[in-house]
Every structure is written in structure tokens, then in C-alpha cells.
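Q: Mind having a look at this structure? Questions to follow.
What follows draws every value from the coordinates through simple rules; no lab data is involved. Only a predicted model underlies this, so the values are computations on that prediction, with no experimental measurement involved. A quick note on method: Cβ atoms are made from the backbone with ideal geometry, for glycine too, and the neighbour counts reach across all protein chains shown.
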Amino acid sequence: MRSGALARGFAAGLLGLALAAPVAASWLAGERPADLGVNQGRLKPPSTTENSVSSQATLYSGPGADYARIAPLPLHGDPATELQRLAQIVAAQPGARIVKQEGHYLYAEFSSRWLGFVDDVEFWAAPAEGVIHVRSASRLGRRDFGVNRARIEALRSAFSPAPSPAAR
């Protein structure tokens, strides 16, 4: 009799967790920032905490700027073509969803598998500089444990052009 009550209690607890998970996941996703995009040749500044990376962090000073510094991606050709190639690479990543792609700008959201945390990732091709500027930032929390930096470096590796046959 006692084991039956325990089993029912356990089952009810699991059901409660299953029902609460979507609510918790949406809460952990946070809200999409309204100030994303390119403004006067700049992406949104990096966070003041250690939860973002930005190739434009050198334009800012203060808390978080040193942690956030990361190199931009190289621009190897036509910006529209390169951003399209980058969008295909991004879309193939686990948890990625392209939200906006227009002109020289690309914006994607990356959701974590288990808890649904969302990171905002932006790319802006700057042909005059010969680069694609990047910004990747967690919506919630004060630390990202290197996730945003690792993501951009993995995308950098995937985006790098394959060596030409003559270079091999």
C-alpha cells in the first residue's frame, strides 16, 4: 500500500515537472533585445558582465569589454555571397534559428538543448574593413562559461575557405 502511494507521488512529481518544463524554458529564454542590428556602423555593445563576445569590443571600455574581445571573421569576397554562406553554416548548427538576414546583416538565435537559454548572435559584413563583425551574447545570466566564444570560434573554423589544391 505504501509503495503504491509512493509510486503515485513519484508519477505526479514527474508529470508536474513535464508540465512546468515549457514554462521554465520560455522563462529561461528571456526576451529578444529591441536594440539589435547595426547602428552607426556598430553592433550592440558587449555586456558589462562576462557573457558575451564582440569583434567591436575594442570600441568600448569598461566592465566586460576586455573579456568580450574577439577577432572578426575575414571577408573573402562579395558580402552578400559570404553572408549567405555563413547563414547556411549557422543554420546547420544545433539549436540555431536564423531570425533576420538582409543586406550585410545576419541575426540568429541559439537555444541551449536542456534548459532553453537563448543567445543572440549577430554578423555584419563591413566591406571597407574587409571583415564580418560578430557579436554573440547570452540574454540571461552574468557568465556564459565560454560558450559564446567557443561558438564563434567554431563558426570561424567552418567558415574558413578550404585550402586550394595548389596550397596542399
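Q: So how far apart, in nm, are the two label points at Ala71 and Val131 if each is 7 Å from Cα heading toward Cβ?
A: So the two model labels end up 1.0 nm from each other.
Q: Per residue of segment 32-39, what does 6.51 cos²θ - 1.76 cosθ + 1.60 with θ = phi - 60° give for ³J(HN,Hα)? Whole Hz please, x for Gly and Pro, Karplus curve as stated.
A: Result, rounded to whole Hz: 5, x, 7, 9, 7, x, 9, 10.
Q: Taking amide hydrogens as modeled 1.01 Å from N in the peptide plane, which residues meet the under 5 Å criterion relative to Ala126, leaving out close sequence neighbours?
A: Val131, Ile132, His133
Q: Which number comes out as Rg/Rh for segment 42-89 once both Rg and the Kirkwood Rh are worked out on C-alpha atoms?
A: On the way: Rg = 13.0 Å, Rh = 11.9 Å.
Ratio of gyration radius to Kirkwood radius for segment 42-89: 1.09.
Q: Moving on. Quick one: 3J(HN,Hα) in Hz for segment 70-82, Karplus 6.51/-1.76/1.60 with θ = phi - 60°, rounded, Gly and Pro as x.
A: After applying 6.51 cos²θ - 1.76 cosθ + 1.60, I find 8, 6, x, 7, x, 9, 9, x, 4, x, 5, 5, 5 Hz.
Q: Another question, then. Subtracting the Cα-Cα distance from 0.36 nm times the residue separation, let me have the gained length for Val99 to Thr81 in nm, one decimal.
A: Length difference between fully extended and current span is 4.7 nm.
Q: List the trypsin sites (Lys or Arg not before Pro) in segment 80-133 that DSSP assigns to loop (not H, G, I, E or B) and whose Cβ has at most 10 other Cβ atoms within 10 Å. Which are they?
A: Details: sites: Arg85, Arg97, Lys100, Arg113; in loops: Arg113.
Here the trypsin sites (Lys or Arg not before Pro) that fit, given the DSSP loop and packing criteria, are Arg113.
Q: May I ask you to list the GluC sites (Glu not before Pro) in segment 29-97 that are in a DSSP loop and have at most 12 other Cβ atoms within 10 Å of their Cβ? Let's see the in-between values first.
A: Numbers: sites: Glu31, Glu50, Glu82; in loops: Glu31.
Here the GluC sites (Glu not before Pro) that fit, given the DSSP loop and packing criteria, are Glu31.
Q: Moving on. With a cut-off of at most 11 other beta carbons within 10 Å, and DSSP calling the residue loop, which chymotrypsin sites (Phe, Trp or Tyr not before Pro) in segment 75-142 qualify? Please list them.
A: Details: sites: Tyr105, Tyr107, Phe110, Trp114, Phe117, Phe123, Trp124; in loops: Trp114, Phe117.
Passing sites in segment 75-142 are Trp114.
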